[in-house]
Amino acid sequence: MTTPAGSGRGFGSVSWWGLSPALDLQAESPPVDPDSQADTVHSTPELDVLLLGSVDGRHLLRTLSRAKLWPRRRFNFFVLENNLEAVARHMLIFSLALEDPEKMGLQERSETFLEVWGNALLRPPVAAFVRAQADLLAHLVPEPDRLEEQLPWLSLRALKFRERDALEAVFRFWAGGEKGPEAFPMSRLWDSRLRHYLGSRYDARRGVSDWDLRMKLHDRGAQVIHTQEFRRWRDTGVAFELRDSSAYHVPNRTLASGRLLSYRGERVAARGYWGDIATGPFVAFGIEADDESLLRTSNGQPVKTAGEITQHNVTELLREVAAWGRARASRGDPEEQQRPEASPEPGTPAPTPESFTVHFLPLNSAETLHHKSCYNGRFQLLYVACGMVHLLSPELGACVAPGGNLIVELARYLVDVRQEQLQGFNTQVRERAQAAGFAPQTRARPSETFARFCKSQDSALGSTDPAVESGTPSLDVLAQPLEASSPAPEGLTQPLQGGTPHWEPCQLPSESPGSLSEVLAQPQGALALSNCESDSKTGV
């Protein structure tokens, strides 16, 4: 029996969590130049960062949590995703991270963060929080003035009106617009997807998960991921079990996305889980730590699991980010801003209410940003996730200021990818970066997780690299997603109701078997072109 396992399709067509550790973007950006980067309004140097496919906001949160270690700067984060559910997740996660400590304590906030971010099933109290927060956001999205007043860190002004309407529909689904667990039966959808992925190996799924963990993730530097937690996630989708296992039974609607599928010769709108079932959400916060004691070993085995390290790192991160939330809550009240708890450390200035803004850009706008003068040559740092590398082009490079930096996430932790494919992908990343006007950073520390480049001072829009044009398979030739290329397995999807947005998968020819482009473009890139089609065909 043919099985898709090992084909890269275990990562799905929608990414919900990052496949690399969180970065401090200030550490990756060029040194601040007070003369050229000063904001005339705030008299504070600015850092403008463009992120393609960052998915879960981990880089943004870590940057905010470590801001006290750097000279003060005002952050402008420009986030470009390829599906509106990812935008909605960004908004929910940031709302949770900046929640008033008097309403939700640090431990409750960190546990809620982990469950919403990485679990397929939630505890009832966490599900109730998601519904309440989603209902609030659904009312704020259509009202720009109220949105700016209550969430001053957020800017949706660049989104198109139809995207805002679709975003509102996503929040209304999260808030329970369609009642009952059958609106999104996560356990059945997860198991059906796993059966379809493993095929005849489904009955040996524990052996498969052990092989992927020990022979792939452990060998690539993620030794702290424990066998039991990885098995549990592969079987149930619950990565962080912070309470009794019976407490997790409410579907996590934030992991739902809509698709148009081919079924018996017809196009059928369906909602399902199209995300990762291969690697898991352990890499982003669970395999590195500032506190080295968390990574120590005893008798050759780690003393802490990836789940325990993740909980510690997220708790500390939210503790530091809370200072930004307090600063925003106290805007307009000078006495409140002078309180000691508003400052992370003695002698460190507290962040101001306007110290950072998250700007969401329109879907599929990566190829047209350079046409707008406000983006041309603006960004000091460009971050590109591995599933968005096909968008790295000279046009996108034109948006980076001379001397700016480029960080590309590599495919190290994609367990379905063979070593020779990883090397081929790394080569393509270098070629695309060179064609976009970047050169490798000479002083960058060696890394198998990120590729680091800097913008050449004499780079020009339109420069090309012959190796990319002729000799190297193009990364933007996407394979047709597994779920769209065959009839939808029974129980794998749910019909869409009401106004929930949906996207049509692109119909493009696949490359040769084993092509790394086919494997790596799917996690986020598979929908990058499909949204353009849905705009013209469905009017969403």
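The values are calculated or read from the model by the stated rules, or taken from the named source; none is laboratory data. All figures in this text were calculated on a predicted structure; none of them were measured in a lab. Cβ coordinates were reconstructed from backbone atoms using ideal geometry, including for glycine residues, and neighbour counts include every protein chain displayed. Surface accessibility is based on the protein's heavy atoms, side chains included, excluding ligands, DNA and RNA. Shrake-Rupley method; radii C 1.70, N 1.55, O 1.52, S 1.80 Å.
Kindly check whether there is at least one residue in region 288-305 that is crowded, with 23+ Cβ neighbours inside 10 Å and touching a helix residue (DSSP H, G or I) at 6+ places or on another chain (Cβ under 7 Å).
Step one: of region 288-305, the residues crowded, with 23+ Cβ neighbours inside 10 Å are none.
Checked region 288-305: no residue is crowded, with 23+ Cβ neighbours inside 10 Å and touching a helix residue (DSSP H, G or I) at 6+ places or on another chain (Cβ under 7 Å).
When you look at residue 165, is it over 19 Å from residue 274 (Cα atoms) and open to solvent by 10 Å² or more (accessible area, probe 1.4 Å), yes or no?
yes
Would you mind stating whether residue 267 is at pLDDT below 90 and over 30 Å from residue 202 (Cβ atoms)? I'd like the intermediate steps shown before the answer.
Values: at pLDDT below 90: yes; over 30 Å from residue 202 (Cβ atoms): no.
So residue 267 does not fit the description; no.
Of the residues 83, 76, only one is modelled with pLDDT under 95 and open to solvent by less than 10 Å² (accessible area, probe 1.4 Å); which?
Step by step, each of 83, 76 is checked, and only 83 is modelled with pLDDT under 95 and open to solvent by less than 10 Å² (accessible area, probe 1.4 Å).
If I ask for residues that are in contact with a helix residue (DSSP H, G or I) (Cβ under 6 Å, 6 or more places away or on another chain), open to solvent by 10 Å² or more (accessible area, probe 1.4 Å) and of a type in the set (D, E, K, R), which ones from region 368-415 would you list?
395
What is the one condition in (1) under 21 Å from residue 119 (Cα atoms); (2) open to solvent by 10 Å² or more (accessible area, probe 1.4 Å); (3) not in a helix (DSSP H, G or I) that residue 232 does not satisfy?
Unmet for residue 232, out of (1) under 21 Å from residue 119 (Cα atoms); (2) open to solvent by 10 Å² or more (accessible area, probe 1.4 Å); (3) not in a helix (DSSP H, G or I): (3).
Look through region 27-44, keep the residues that are at pLDDT 90 or above and more than 16 Å from residue 78 (Cβ to Cβ), and return whichever of them is farthest from the chain's Cα centre (by Cα).
30
Which condition breaks for residue 108 when tested against (1) open to solvent by 10 Å² or more (accessible area, probe 1.4 Å); (2) farther than 20 Å from residue 407 by Cα; (3) touching a residue at least 60 places away in the same chain (Cβ under 8 Å); (4) in a helix (DSSP H, G or I)?
Here residue 108 clears every test but (3).
Which of the residues spanning region 423-480 are among the hydrophobic types (A, V, I, L, M, F, W, C) and modelled with pLDDT under 70?
Residues satisfying the conditions are 460, 461, 467, 468, 475, 477, 478, 479.
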